[in-house]
Amino acid sequence: MDLADSLRRSETRESVEERCRRIEEKADQLFAAGVAWTTFFKELLGPEGLIRRLFPTPDELSFFEQTATHRRVQEMLASLRRVQEGRAAKTEAVSVITLRIPKSLHDALAEEAHALKTSINRLCISKLAQLIDARLVPPLRQFDRSGEITMRGVSTDSKTPDELPQREQEPAE
């Protein structure tokens, strides 16, 4: 066990209420300091952020997403984004992604963005900044050398959906 795992285990021994209190304190501190929304996101919601350290398993993270603290953090993030009009931290690199999506999904995003009086880019950033339940994300499919679609090394041709391997949950510690 490395130092990060050791710290993570000791942090998660606290009650949910104590962990939420710590998150709220950090969120209040960052919000009051007027940090860039990207810094707020990174410090709290990012892969190495406080929320992921305090709620490290998918089940714990899913539980946290149902709390008033999570709603408050999301509201603060949205507020920072509104006020800052896309201002990013100067130290935060900007990456570009290209998505291949069905036209019907693009059209739905365009309609939603128009209704919200925003751009598709801003709408997508808002959606991507949300935590998502891992059970709602389909597993990555890969093609084997013969061109058959495989899922985690198991060929899917001639298998019914019930016969396909299920996504594994990370074991709770």
Scan the stretch 84-91 and tell me whether some residue there is surrounded by 14 or more Cβ atoms within 10 Å (Cβ to Cβ) and of a type in the set (D, E, K, R).
no
Where residues in the stretch 58-70 are farther than 11 Å from L131 by Cα and in a helix (DSSP H, G or I), which of them is farthest from the chain's Cα centre (by Cα)?
A68
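The numbers here are math on the coordinates, done by the rules we state, and not lab data. Note that the structure is a prediction, hence the values are computed from the model and not measured. Neighbour counts run over all protein chains shown; Cβ positions are idealised from the backbone, glycine included.
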